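Colleague: Below are the structure tokens for one structure; questions will follow.
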Amino acid sequence: MRLVQFTNRRGERRVGAVGADGELRLTTREHTVYDLAQAAISSGISLDEVVSGQLGDEREDYDAIVAEGRILPPLDHPEPARFLITGTGLTHLGSADARDRMHDLAHGPETEMTDSMKIFRMGLDGGKPAEGEIGVQPEWFFKGVGTCVVPPEAPLPLPSFALAGGEEAEIVGLYLIGPDGTPWRLGFAIGNEFSDQVTEAQNYLYLAHSKLRACSFGPEMLVGTLPQNVEGRIQILRDGASIWQGEFLSGEANMSHSIQNLEHYHFRYEMFRRPGDLHAYFFGAAILSCANGVTTVAGDVFEIDVPVFGRPLRNAMISSEPVTVKVRQL
């Protein structure tokens, strides 16, 4: 099952399940995925069962929703500050090579093994522990809260102080914390983590700064089990023409960490188990256009097409006006 959130032409929130004909079949009671997930937890049944029990005869034209700019992220929180956006990297076969190439472009090749390659090899050796065991700790970063998430088809703002804006095509795990503090995985989406890789390449300690950017995921949330092997394609369009494209592999079969191991190291912190909070956790990118010599500019469109997640995720990059922040003394 794949779920979509959108607004109808009256401005009302709705949820639809994507049908085989491409139309959306709408839920009858809860009109947000957040409320549907809360209902599933309180009823003690799966999200799939709750949605299936609410699907009525009302339908919406999916293409029209997208064309009219009414599509929303497939999960959001009524209080955006309670939606934590985080992620990890160096989790995919090839991701460390991409990170190393990015740093080589900035500093030249180095004979000593980089920290990126070291932590990637740690994941290869211990990122997929046996059932019931705990593996090696992955890389982790904070990206923002719900206000940094832009809907599919909406523009990704490039800050005036940014040195670059590059796509990072990643699978995103989506979670709700239950009333007793239990993290519940609602499903998965494809996401564009969108980072400033040039800032990061100056010095690895700038990684935290480089991640504080907008992001997008969706338009669909896959409910249920993630396939072991996920295939996708990234394309960057400029003035309607493709300037770069690359194919990538994701899913646990192509990762150095198990999803369970990544989840453990995120949710072991009590502050991330606050009842009612949402979490979007980016699982890491396999390839980067910047590592292949691509420099993006305002107006470029990022398109991430992963058939298992349905409709491609598309966002254009736009420039933001300079902002001067002055702190005042009370």
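Colleague: Compute the relative contact order of the chain as a whole-number percentage, counting only Cα pairs closer than 8 Å that sit 6 or more residues apart in sequence.
Modeller: 23 percent
Colleague: Something else now. Compute the signed sum of charges (Lys and Arg +1, Asp and Glu -1) over the other residues within less than 12 Å, Cβ to Cβ, of V306.
Modeller: Once all neighbours under 12 Å are counted, the net charge is -3.
Colleague: Report the residue, chosen from M255, M271, M117, that carries the largest GNM mean-square fluctuation when the chain is represented by alpha-carbon nodes joined by springs under 10 Å.
Modeller: Maximum among the listed residues: M271.
Colleague: Something else about it: What ranking do 320-326, 235-241, 35-41, 159-165 get when scored by the average of other Cβ atoms within 10 Å per residue, highest first? Mind dumping the intermediate values first?
Modeller: On the way: 320-326: 7.1, 235-241: 12.7, 35-41: 19.1, 159-165: 16.4.
Ranking the peptides 320-326, 235-241, 35-41, 159-165 by packing returns 35-41, 159-165, 235-241, 320-326.
Colleague: Just to check, using Stokes-Einstein with a Kirkwood Rh over alpha carbon pairs, what's the diffusion coefficient of the range 150-228 at 25 °C and 0.890 mPa s in µm²/s?
Modeller: The diffusion coefficient I find is 172 µm²/s.
Colleague: Leaving out ligands and nucleic acids, note down the accessible area per residue over the chain with a 1.4 angstrom probe, in whole Å².
Modeller: Normalised by residue count, the accessible surface of the chain is 46 Å².
Colleague: Give the carbon-plus-sulfur fraction of the accessible surface of the range 238-312 in %, rounded to a whole number; probe 1.4 Å, heavy atoms of protein chains only.
Modeller: Working: 1510 of 3040 Å².
Heavy-atom surface of the range 238-312 belonging to carbon and sulfur, 1.4 Å probe: 50 percent.
Colleague: Using θ = phi - 60° and the Karplus curve 6.51 cos²θ - 1.76 cosθ + 1.60, what whole-Hz ³J(HN,Hα) does each residue of the range 323-329 get, with Gly and Pro shown as x?
Modeller: 10, 10, 9, 10, 8, 9, 8
Colleague: Å³ per residue of the Cα convex hull, for the range 109-264? Don't jump to the answer; show the numbers that get you there.
Modeller: Values: hull volume 25.1 nm³, N = 156.
Residue-normalised Cα hull volume stands at 161 Å³.
Colleague: Between beta-carbons, use under 15 Å as the cut-off and find the net charge around I134, counting Lys and Arg +1, Asp and Glu -1.
Modeller: Neighbourhood net charge equals -2.
Colleague: Now, a different point. Return one quarter of the surface area of the convex hull spanned by the alpha-carbon atoms of the range 223-273, equal to its mean projected area, in nm².
Modeller: In nm², the orientation-averaged hull projection of the range 223-273 is 6.0.
Colleague: Does the range 1-49 come out rounded, prolate or oblate by the C-alpha gyration tensor, with a ≥ b ≥ c the root eigenvalues, rounded set by a/c under 1.5 and, if not, prolate when a/b is larger than b/c and oblate if not? All intermediate terms of the calculation are to be shown ahead of the outcome.
Modeller: Working: a/c = 2.96, a/b = 1.37, b/c = 2.17.
Oblate, because a/c is 1.5 or more while a/b does not exceed b/c.
Colleague: A further question on this structure: Which Cα, out of Q54, L36, T7, lies furthest along the positive dipole direction of the range 6-55 (beta carbon charges, K/R +1, D/E -1)?
Modeller: Result: T7, furthest along the dipole toward the positive end.
Colleague: Taking the inverse of the average 1/r across all pairs of different Cα atoms in the range 157-203, what Kirkwood radius in Å do you get?
Modeller: When all Cα pairs of the range 157-203 are included, the Kirkwood radius is 13.1 Å.
Colleague: Here's another thing I want to ask about it. What number do you get for the range 234-330 when its Cα radius of gyration is normalised by 2.2 N^0.38 Å, N = residues? Before the final figure, lay out each step's value.
Modeller: Values: Rg = 18.7 Å, N = 97, 2.2 N^0.38 = 12.5 Å.
Expressed relative to 2.2 N^0.38 Å, the Cα Rg reads 1.49.
Colleague: Ok, one more. Sort 256-263, 284-291 by the packing proxy (mean of other Cβ within 10 Å over each peptide's residues), most packed first. Let's see the in-between values first.
Modeller: Working: 256-263: 21.5, 284-291: 23.8.
Going from most to least packed, we get 284-291, 256-263.
Colleague: Running Debye on the range 1-85 with equal point scatterers at the Cα sites and no solvent, what base-10 log of I(q)/I(0) appears at q = 0.19, 0.23, 0.26 Å⁻¹?
Modeller: -0.84, -1.16, -1.36
Colleague: Then there is this: Over the range 137-178, with a single point scatterer placed on each C-alpha, what log10 of the ratio I(q)/I(0) does the Debye formula yield at q = 0.14, 0.16, 0.18, 0.26 1/Å?
Modeller: Here log10 of I(q) over I(0) equals -0.50, -0.65, -0.82, -1.45.
Colleague: Taking the dipole about the Cα centre of the chain, with the C-beta of Lys and Arg at +1 and of Asp and Glu at -1, give me whichever of H264, V325, A17 is farthest to the positive side.
Modeller: V325
Colleague: In terms of modelled amide H atoms, which long-range or inter-chain residues lie less than 5 Å from the amide H of L156?
Modeller: For L156, the qualifying residues are A316, M317, I318.
Colleague: Under the rule of at least 5 residues apart or a separate chain, name every residue whose amide H is placed under 5 Å from the amide H of H92.
Modeller: Amide H to amide H, under 5 Å and 5 or more residues apart or across chains, H92 pairs with S256.
Colleague: So what's the chain giving for Cα Rg divided by 2.2 N^0.38 Å, two decimals?
Modeller: Taking the Cα Rg and dividing by 2.2 N^0.38 Å, one obtains 0.99.
The values are calculated or read from the model by the stated rules, or taken from the named source; none is laboratory data. These figures come from a predicted structure and were not determined experimentally. Don't worry about glycine lacking a Cβ; one is built from the backbone with ideal geometry, like all the others, and counts go over all protein chains shown. For accessibility, only protein heavy atoms count, side chains too; no ligands or nucleic acids. Shrake-Rupley method; radii C 1.70, N 1.55, O 1.52, S 1.80 Å.
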